[in-house]
1. Any idea which of (1) part of a strand (DSSP E or B); (2) under 29 Å from Lys88 (Cα atoms); (3) more than 17 Å from the chain's Cα centre (by Cα) is the one Ala178 doesn't satisfy?
2. With the requirement that a residue be surrounded by 24 or more Cβ atoms within 10 Å (Cβ to Cβ) and in a helix (DSSP H, G or I), what does segment 129-170 give you?
3. So is Leu215 in contact with a helix residue (DSSP H, G or I) (Cβ under 8 Å, 6 or more places away or on another chain), over 25 Å from Ser123 (Cα atoms) and either in contact (Cβ under 8 Å) with a residue 40 or more places away in the chain or crowded, with 17+ Cβ neighbours inside 10 Å (or both) or not?
4. Going through Ser232, Ser243 one at a time, which residue ends up being touching a Lys or Arg at 6+ places or on another chain (Cβ under 8 Å), surrounded by 16 or more Cβ atoms within 10 Å (Cβ to Cβ) and either farther than 19 Å from Met141 by Cα or modelled with pLDDT of 95 or more (or both)?
5. Kindly evaluate Ser243 against the criterion of being within 21 Å of Glu145 (Cβ to Cβ), part of a loop (DSSP other than H, G, I, E, B) and of a type in the set (Gly, Ala, Ser).
6. Restricting attention to segment 34-69, which residues are surrounded by 14 or more Cβ atoms within 10 Å (Cβ to Cβ), of a type outside the set (Val, Ile, Thr) and modelled with pLDDT of 75 or more?
7. Count, please, the residues in segment 89-114 that happen to be assigned to a strand (DSSP E or B) and without any contact (Cβ under 8 Å) to a residue 60 or more places away in the chain.
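The values are calculated or read from the model by the stated rules, or taken from the named source; none is laboratory data. These numbers were taken from a predicted model, which means no experiment stands behind them. FYI the Cβ positions are ideal-geometry reconstructions off the backbone, even for glycines, and counts take in every protein chain you see.
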Amino acid sequence: MAKAFILAGLKFHIETETPMKEFMWRPGSTLRPPVVADSTILVKEMVVPASASVKVIDSFQTQSSTSLSSSGGTVVSTVTNISEAAAKDTDATYTWLATNPHNGSVRALSTDSQKMVAWDWNSNQRMEWTVPASMTDMSAMDFVELRVAQGTRHPNTVALNGGANFSIILRDALGIEARVSSSAQGEAVNQPYQRIGDGSGLGWQNDFRTIRLRLRDFQGGGTGLKLSMISSVRIEVGGSFGSSLGRFIMDDLQFTKE
C-alpha cells in the first residue's frame, strides 16, 4: 500500500505529474490503489507549501487571540471550548481530559511551536473569518481547503461514533452566500482509528484529512457568488449544516490553485 502512495508522491514532486496529487488528498472512497482493499482505512493529508499560489486565511500560528486570524482578519465564533495552542498532546495518554485540549495531537514535539485550533459543539454553531481587503480576489484560485481531524476519545467524538461533516460558506461583498458540504468529495472526516491502549477509551491519534472544495462548486446552480470579492469564510455545524455534535482539530484554512 505504501509503495503506491510513495510512487504517486515521486511522480508529482519530481516529474510534476499534477494528477498524482489526487492520491494525496482525495477520499479513499473515491480514489485508492487497486491493490488496497475497500475495507482498509486510508488516512490522507496534503500540506501545500506556502507560495504565490496559496492565500492563507488562517494558519493559527501568529496570533494569540482566537478572535484574530493570522492574515489579520477578525474571527467570530459560537463554538465551545475553543483552544488555539501547540499541536501536541501534553500528557502520556490518549485519555480525554479537559486540561489537555489537544489530546491526540502528535504533530509537534515538546520543543516545537506549531499550533492548531481545537473546538467542539453539540448544536448549530459556526466560525467565521473575515477576509482582509487585500486578499478578497479569489478568481484565480481553484479550491478552498483546510486540514481537519476529529478529537480522539472526546465525549462528543465517542457519541458521534462515525464520520463528521460540516459546511463551508463563502460570502462576497454583495452579501451573496453559497454553501458546500465538507463531504462533497465523497467522504466525511473519518472517525479516529478505533484502537485501545495508552489510557482509557477507544481511539488513537487525531487522523487529519485534507478537505478541498472546488470554488466553481460554490457557483453551481446559479448562486451568483462573485469569486473576485470574497469577504468571509464560514464553517457551520449542527442541524442541516453538519454533524449534530463533535470535536474538531483544524489547521491551515486557505485558498489554493490546482
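1. Ala178 satisfies all of (1) part of a strand (DSSP E or B); (2) under 29 Å from Lys88 (Cα atoms); (3) more than 17 Å from the chain's Cα centre (by Cα) except (2).
2. Hit for segment 129-170 is Thr157, nothing else.
3. Values: in contact with a helix residue (DSSP H, G or I) (Cβ under 8 Å, 6 or more places away or on another chain): yes; over 25 Å from Ser123 (Cα atoms): yes; either in contact (Cβ under 8 Å) with a residue 40 or more places away in the chain or crowded, with 17+ Cβ neighbours inside 10 Å (or both): yes.
In short, yes.
4. So the residue among Ser232, Ser243 that is touching a Lys or Arg at 6+ places or on another chain (Cβ under 8 Å), surrounded by 16 or more Cβ atoms within 10 Å (Cβ to Cβ) and either farther than 19 Å from Met141 by Cα or modelled with pLDDT of 95 or more (or both) is Ser232.
5. Against the criterion (within 21 Å of Glu145 (Cβ to Cβ), part of a loop (DSSP other than H, G, I, E, B) and of a type in the set (Gly, Ala, Ser)), Ser243 qualifies.
6. Listed by number, the residues that qualify are Ser53, Lys55, Asp58, Ser59, Phe60, Gln61, Gln63, Leu68, Ser69.
7. Initial filter on segment 89-114 (assigned to a strand (DSSP E or B)): 106.
Still in the list and also without any contact (Cβ under 8 Å) to a residue 60 or more places away in the chain: none.
Residues meeting the conditions: 0.
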